[in-house]
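The next block holds one structure in the form of structure tokens; read it before the comments.
The values are calculated or read from the model by the stated rules, or taken from the named source; none is laboratory data. The structure presented is a predicted model; accordingly, all values stated were derived computationally and were not measured. With ideal geometry, Cβ positions are generated from the backbone for all residues, glycine too; neighbour counts draw on all protein chains shown.
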């Protein structure tokens with residue numbers, strides 16, 4: 001039995017065309033979380049696929065009339081965090097993947113994208129027109145440029161903090177009003193994607209990881225093609241090398257020499273995309289050191305690996321490399337492989353040069369079967385000792401739950417984001433039975449150290465939001481007051497980031 | 001058209017394999033080695049249907065796509081790319097897309113309409129006895 005009033009479906013069909021109202025069982029399945037053990041848990045009632053902001057506004061008006069919860073997605077490829085599935089079962093997915101307009105301003109290095117524009121779409125657009133602007137892409141570039149930035153996704157270049165490169169939004173508010181932020185608030189302004197602040201309060205970040213509106217256009221700064229890219233792929237032999245490696249790189253990150261966020265990942269982050277567990281051992285228990293050593297030897301990877309890159313004018317890049325060389329002088333690295341690309345060379349063709357990829361998703365196949373993963377990503381101060389402590393505690397928890405440790409530490413300007421994947425096989429019930437308890441134990445461990453997650457799966461949004469507890473959860477009270485003011489009928493993404501409308505609060 | 005483009009793509013694939021190490025006995029040699037260089041796809045096309053395949057499927061099913069990488073573990077790597085297959089029927093392509101298969105998620109109608117999927121399936125089934 002579909003929970004949605006049939007009259008509402010008819011109204012939606014009148015607004016956007018019946019072919020864009022998708023309510024068959026196959027449609028509902030298509031928008032579930034395909035990484036979930038129980039896909040029915042977050043199954044939507046159906047999906048709507050508007051083609052324009054005007055159609056989104058019309059849908060919002062109807063949703064208000066019938067009190068229908070909408071779950072907006074850009075392209076729905078947020079795998080490991082719920083994909084296209086809503087927090088609440090029976091919500092209606094608002095699939096914006098048909099909205100694919102791209103407006104590039106080559107002279108200013110900016111783009112205005114609609115939510116359906118994927119990284120490959122934008123890449124193809126730039127390539128086909130020979131526009132010398134580079135993307136910053138995440139490890140799974142199948143998804144949306146706008147959606148990834150709004151969810152505070154990250155990439156590998158100096159533009160890798162995607163949310164920080166947002167400049168100007170167009171947003172359909174929960175009552176159907178249409179607003180443009182920053183300089184876009186001035187009709188016809190040429191500065192919409194150039195100057196963030198406009199006049200008065202700024203609202204862009206209010207629509208990141210939020211349920212306070214539906215973004216229909218997003219301005220983003222793109223990196224002008226640099227004259228050169230250079231750096232090293234470093235490998236480190238021992239688990240304890242993590243601490244000094246971070247303490248070597250962080251001062252260079254903090255003082256601005258390193259403009260990207262180097263992400264130091266363990267051997268499994270590299271190996272899980274290249275091979276499968278069963279090729280090395282039939283033992284389902286903790287991985288033997290000899291197995292780990294054999295995998296590392298086969299692929300010539302360290303216990304930890306990190307890629308450091310400099311972007312810009314060749315003179316500056318070369319000078320930066322000399323500083324990096326000095327910083328690592330006499331340090332016990334396992335190996336370093338230099339990389340140098342200069343304008344005019346054949347493309348290096350890698351994510352560090354802004355080329356979109358999907359192969360890192362192959363890590364879902366590590367255990368075989370219908371694989372998946374869920375991400376656990378606490379943020380901590382930029383200290384080697386604290387990173388080592390975090391690594392040891394998390395590693396011990398992975399061991400105690402019989403899971404394979406898969407981790408990285410991305411170095412921001414003033415923080416470390418410790419992205420961990422829990423890789424699993426949905427067809428292994430014994431393994432799946434451990435995932436939830438393990439995730440909760442990890443969050444509790446981080447919270448005990450007063451570390452919060454930067455992003456989380458739809459199953460755990462309340463759990464993570466609960467950790468943000470200053471003054472008896474004052475932030476939640478603020479979020480809730482704003483939610484109630486803007487969305488009194490609670491139609492936009494109930495439960496997103498632990499923000500619930502009136503009457504629905506757990 | 002599909003066959004002609006294969007030759008070009010084949011060359012690109014060989015280029016991507018340069019530097020690969022000798023595989024151990026247990027793997028089939030098609031796995032990713034040094035995955036962070038030379039992973040740029042050939043995104044070119046020679047017909048509107050091929051262009052649609054590239055737009056909707058190429059990110060996973062051309063060179064170094066997740067689908068290609070995983071299929072190469074399960075079958076002859078020479079035919080890991082869907083465009084290299086000569087056994088795909090339109091019904092099979094449509095079923096795999098809508099139902100998902102293995103690690104491939106279901107592809108909804110919002111992302112690829114029925115009309116678009118028909119065109120993609122016909123492109124992939126070119127040369128297959130239906």
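Take residue A:212 and tell me if it is in contact with a helix residue (DSSP H, G or I) (Cβ under 6 Å, 6 or more places away or on another chain), closer than 18 Å to residue A:117 by Cα and in contact (Cβ under 8 Å) with a residue 40 or more places away in the chain. So residue A:212 does not fit the description; no.
Kindly indicate whether residue B:106 is within 14 Å of chain A (Cβ to nearest Cβ) and in contact (Cβ under 8 Å) with a residue 60 or more places away in the chain. Here the answer is no, as residue B:106 does not meet what is asked. In summary, residue A:367 fulfils each of the numbered conditions (1) assigned to a strand (DSSP E or B); (2) more than 9 Å from every other protein chain (Cβ to nearest Cβ) with the single exception of condition (1). Restricting the range A:337-364 to residues that are touching a residue at least 60 places away in the same chain (Cβ under 8 Å) and away from chain B (no Cβ under 14 Å), the residue that is nearest to residue A:225 (Cα to Cα) is A:343.
Among residues belonging to the range A:23-38 that are outside any loop (DSSP other than H, G, I, E, B) and in contact with a strand residue (DSSP E or B) (Cβ under 9 Å, 6 or more places away or on another chain), point out the one that is nearest to residue A:431 (Cα to Cα). Can you show your working first?
Taking the range A:23-38 as the starting set, the residues that turn out to be outside any loop (DSSP other than H, G, I, E, B) are A:25-30.
Those left that are additionally in contact with a strand residue (DSSP E or B) (Cβ under 9 Å, 6 or more places away or on another chain): A:27-28, A:30.
On the way: A:27: 29, A:28: 27, A:30: 25 Å.
By that ranking, first place goes to A:30.
Listed here are the strands (runs of 3 or more DSSP E) enclosed by the range A:132-249 that have at least 1 residues being more than 30 Å from residue A:325 (Cα to Cα): A:166-172, A:178-180, A:214-221.
From A:26, A:39, which residue is surrounded by fewer than 21 Cβ atoms within 10 Å (Cβ to Cβ), under 20 Å from residue B:56 (Cα atoms) and within 13 Å of another protein chain (Cβ to nearest Cβ)? Full working, then the answer.
Working: A:39 fails: under 20 Å from residue B:56 (Cα atoms).
Exactly one residue qualifies, and that residue is A:26.
Considering only the range B:95-123, state which residues are assigned to a loop (DSSP other than H, G, I, E, B) and surrounded by 18 or more Cβ atoms within 10 Å (Cβ to Cβ). Give the steps one after another, and end with the answer.
Taking the range B:95-123 as the starting set, the residues that turn out to be assigned to a loop (DSSP other than H, G, I, E, B) are B:100, B:102-103, B:105-113.
Hits for the range B:95-123 are B:103, B:105, B:106, B:107, B:108, B:109, B:110, B:111, B:112.
Specify which of the listed residues (A:80, A:116, A:76) is crowded, with 22+ Cβ neighbours inside 10 Å, within 13 Å of chain B (Cβ to nearest Cβ) and over 23 Å from residue B:114 (Cβ atoms).
Numbers: A:116 fails: over 23 Å from residue B:114 (Cβ atoms); A:76 fails: over 23 Å from residue B:114 (Cβ atoms).
The match here is A:80.
Selection of the range A:5-22 for residues being more than 31 Å from the chain's Cα centre (by Cα) and outside any helix (DSSP H, G or I) yields A:5, A:17.
Can you tell which of A:33, A:95 is crowded, with 21+ Cβ neighbours inside 10 Å, under 23 Å from the mean Cα position of the chain (by Cα), touching a residue at least 60 places away in the same chain (Cβ under 8 Å) and closer than 30 Å to residue A:133 by Cβ? Before the answer, list the steps.
Values: A:33 fails: closer than 30 Å to residue A:133 by Cβ.
The match here is A:95.
Take the conditions outside any strand (DSSP E or B), surrounded by fewer than 21 Cβ atoms within 10 Å (Cβ to Cβ) and either more than 12 Å from chain B (Cβ to nearest Cβ) or free of Cβ contacts under 8 Å to residues at least 60 places away in the same chain (or both) and apply them to residue A:90. Does it pass? Answer is yes for this residue. I'd like to check something: does the range A:154-174 contain any residue that is in contact (Cβ under 8 Å) with a residue 60 or more places away in the chain and on the phi > 0 side of the Ramachandran plot? Looking through the range A:154-174, none of the residues is in contact (Cβ under 8 Å) with a residue 60 or more places away in the chain and on the phi > 0 side of the Ramachandran plot.
For the range A:272-291, a residue qualifies if it is in contact (Cβ under 8 Å) with a residue 12 or more places away in the chain and either surrounded by fewer than 21 Cβ atoms within 10 Å (Cβ to Cβ) or more than 21 Å from the chain's Cα centre (by Cα) (or both), and the qualifying residues are A:274, A:275, A:276, A:277, A:278, A:280, A:284, A:285, A:286, A:287.
Take residue A:394 and tell me if it is within 14 Å of chain B (Cβ to nearest Cβ) and touching a strand residue (DSSP E or B) at 6+ places or on another chain (Cβ under 8 Å). No; evaluated as a whole, the condition is false for this residue. Of the residues contained in the range A:324-332, none is found to be assigned to a helix (DSSP H, G or I) and within 14 Å of another protein chain (Cβ to nearest Cβ).
Based on this model, can you work out whether residue A:338 counts as assigned to a loop (DSSP other than H, G, I, E, B) and surrounded by fewer than 23 Cβ atoms within 10 Å (Cβ to Cβ)? Here the answer is no, as residue A:338 does not meet what is asked.
Return the total of residues in the range A:98-113 being touching a strand residue (DSSP E or B) at 6+ places or on another chain (Cβ under 9 Å), away from chain B (no Cβ under 14 Å) and surrounded by fewer than 24 Cβ atoms within 10 Å (Cβ to Cβ). Spell out how you get there, then give the answer.
Looking only at the range A:98-113, we keep the residues that are touching a strand residue (DSSP E or B) at 6+ places or on another chain (Cβ under 9 Å), and these are A:99-106, A:108-113.
Now drop any that are not away from chain B (no Cβ under 14 Å), which leaves A:101, A:103-106, A:108-113.
Adding the requirement that they be surrounded by fewer than 24 Cβ atoms within 10 Å (Cβ to Cβ) leaves A:101, A:103-106, A:108-110, A:112.
Number satisfying all stated conditions: 9.
Quick one: residue B:10 ticks every box in (1) more than 10 Å from every other protein chain (Cβ to nearest Cβ); (2) at pLDDT 50 or above; (3) surrounded by fewer than 20 Cβ atoms within 10 Å (Cβ to Cβ) bar one, so which box is it? In the conditions (1) more than 10 Å from every other protein chain (Cβ to nearest Cβ); (2) at pLDDT 50 or above; (3) surrounded by fewer than 20 Cβ atoms within 10 Å (Cβ to Cβ), residue B:10 misses (2) alone.
Restricting attention to the range B:78-94, the residues that are within 14 Å of another protein chain (Cβ to nearest Cβ), over 16 Å from residue B:120 (Cβ atoms) and part of a helix (DSSP H, G or I) total 0.
Listed conditions (1) surrounded by 13 or more Cβ atoms within 10 Å (Cβ to Cβ); (2) away from chain B (no Cβ under 14 Å); (3) outside any helix (DSSP H, G or I) are all met by residue A:256, apart from (1).
Here is the figure for the range A:263-295: residues that are closer than 29 Å to residue A:309 by Cβ, in contact with a helix residue (DSSP H, G or I) (Cβ under 8 Å, 6 or more places away or on another chain) and away from chain B (no Cβ under 13 Å) total 3.
Just one of the listed residues (B:59, B:64) is modelled with pLDDT under 95, buried (at least 22 other Cβ atoms within 10 Å of the Cβ), facing chain A (nearest Cβ under 8 Å) and within 22 Å of residue A:125 (Cβ to Cβ), namely B:64.
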